[in-house]
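Trainee: Before anything else, here's the structure in question.
The values are calculated or read from the model by the stated rules, or taken from the named source; none is laboratory data. Quantities reported herein were computed from a predicted structural model and do not represent experimental measurements. Heavy atoms of the whole protein, side chains included, go into the accessibility calculation; ligands, DNA and RNA do not. Shrake-Rupley method; radii C 1.70, N 1.55, O 1.52, S 1.80 Å.
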Amino acid sequence: MKTILLWLILILLLVSGPAHALRCGARLITEGDTRLEVRERCGEPTQMDQWTEEQTVTVHDDSVNLRRRREVTVQVEEWIYNFGPQRFMQRLLFHDGKLVDIEALGRGF
């Protein structure tokens, strides 16, 4: 009995993806993927929006052991995927072309 339970746990661990991941068919999308990779795996989003944001980043200079804060401009894109009423819609957020957040929304339509 313990052997069966261990096998089931192992299978579930292998099948499940990262916490912040999206499955498009048999392919998995994770944070860090590029827009091109996401588009190839999931197709065109249902809705797309883009804007720029000013963000403060901390830069560490090891040569003088100093931290500096500076403002950078980031290109932000928000993609919404509607996979139909059987699945949740998904909101993907890209910063400078890299996927930084995946959020499940309400049921699709």
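Trainee: Around T46, which amide H atoms from residues at least 5 apart in sequence, or from another chain, sit under 5 Å from its own amide H, with H modelled in the peptide plane?
Mentor: Here I80, Y81, N82 satisfy the definition.
Trainee: Please give the contour-minus-distance gain from R67 to Q86: 0.36 nm per residue of separation, less the Cα-Cα distance, rounded to one decimal in nm.
Mentor: So the chain would gain 2.0 nm between R67 and Q86.
Trainee: Heavy atoms only, probe 1.4 angstrom, no DNA, RNA or ligands counted: give me D101, D62 ranked by accessible area, highest first.
Mentor: D62, D101
Trainee: With a ≥ b ≥ c taken as the square roots of the eigenvalues of the C-alpha gyration tensor of the stretch 66-109, please select rounded if a/c is under 1.5 and otherwise prolate if a/b is larger than b/c or oblate if it is not?
Mentor: prolate
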